[in-house]
Amino acid sequence: MGITKTDFMRGMQCPRMLWLDRHRPGLRVIPPETQARLDAGNDFSDRAMGMFGPYEEMTVYRPGTDVPDKAAMIERTRERMEAGAEVLCEAAFSNYNNYCAVDILRRTPAGYDMYEVKNAGEVRPQFVKDAAFQYYILLRCGVRVGKAFLVLHGETEEEPFRIEEVTREVRKLYSWINDHIWELNRVKKAPEEIRTEPGPQCTDPYPCWYWAYCHGEPARDEDGAEAEVRLFEDAAGQDALSTERMEGTDEG
Ligand code: SF4
C-alpha cells in the first residue's frame, strides 16, 4: 500500500482526508455537480488519448470489476515500452509501491515526454503539482523524461486541446514531493484516525467530501433537505476497492 497521485493530492490538502479515503470511504458525500465534473473530466481524458494519432492503452481491470489491476497495468506498460510503443495512455509505474498512471506518454528520440490531461482552460497550481508527482515517480523508475506538459481545453471545437509546457515547474517540485510522500505513507497506514481540525483546507483547493462528517453536520441534498451521510456503507473489503476506484477522479 503506497501513495498514489490521488492520495498525494488529497493528503496534501488534508491528512485526515487521506486517512478517511483509506479507512472510512463510506463517509464520503460527493455532490452531484462534483460527480458530473469528474465524469466530464474522464470523458475529456478519453478524447485526448487520440490527440497524437494511434495509441496503446495500458488500462487493465480486475476480472468482472471496474477496478484497475495496477500490477497488470505496470507489467503491460513495461512490455510495451520495451517493444518500442510510440504513444502509451494510462502508462503505469510504481516505485516502493508509490504509484501513478500517466495520461499520455510519448516516445521521443531521447526518452519520453509526459502529458497530464486536465478538463480546464488554464494552468492551475494543483495541476502542476499533480504532474510533478508523476514526474517524480517516472524518474524514480528510471524513465528518461524530456518534457512535461499539461493538455487543457482548446478554444474551439476544431482545436479541442491546448498544450502547455510545465517542465521547469515540475522539476522544481521534485524535492517537495520527496519531502512529503513518505510522511503521507505513514498517514495512510495509521491505525487511528488522523484528527486534523477542520479549517480553510476543507474548501481549498476543493470542497471536501467529508465535510458533514468532520463538522458534525448532517449532509444536505440538492434541495437542502437532510440526507443520509453514510451514502456507502461498504464492508471493509469493499472500502478498499472504493478507494482504488477513486484513481483518476481528481478534480479539475
Ligand atoms: S472536512 Fe476538513 S478536516 Fe475533515 S477531512 Fe475534509 S478537509 Fe480534512
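The values are calculated or read from the model by the stated rules, or taken from the named source; none is laboratory data. Everything numeric here is computed off the predicted structure, so don't read it as measured data. A quick note on method: Cβ atoms are made from the backbone with ideal geometry, for glycine too, and the neighbour counts reach across all protein chains shown.
Quick notes on this one:
- One residue stands out in segment 74-112 among those that are over 23 Å from the mean Cα position of the chain (by Cα) and among the aliphatic types (A, V, I, L, M): the one that is nearest to residue 135 (Cα to Cα), namely 110.
- Selection over segment 65-106 of residues that are under 24 Å from residue 152 (Cα atoms) and surrounded by fewer than 17 Cβ atoms within 10 Å (Cβ to Cβ) gives a count of 1.
- Pairs meeting the criteria (first residue in segment 67-78 and touching a residue at least 60 places away in the same chain (Cβ under 8 Å), second residue in a helix (DSSP H, G or I) and surrounded by fewer than 21 Cβ atoms within 10 Å (Cβ to Cβ), beta carbons under 7 Å, at least 6 apart or on different chains) are 67/241; 67/244; 67/245; 68/244.
A quick yes/no check of all residues on (1) outside any strand (DSSP E or B); (2) modelled with pLDDT under 95:
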| site | (1), (2) |
| --- | --- |
| 146 | no, no |
| 156 | yes, yes |
| 164 | no, no |
| 170 | yes, no |
| 175 | yes, no |
| 184 | yes, no |
| 193 | yes, no |
| 196 | yes, no |
| 217 | yes, yes |
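- For segment 167-206, the candidate set comprises residues that are within 16 Å of the ligand (Cβ to nearest atom) and of a type in the set (A, V, I, L, M); within that set, the residue that is surrounded by the fewest Cβ atoms within 10 Å (Cβ to Cβ) is 190.
- Filter pass, residue 142 being touching a Gly at 6+ places or on another chain (Cβ under 7 Å) and at pLDDT 95 or above: no
- Of the residues making up segment 130-165, just one is in contact (Cβ under 8 Å) with a residue 40 or more places away in the chain, farther than 25 Å from residue 75 by Cα and crowded, with 20+ Cβ neighbours inside 10 Å, namely 151.
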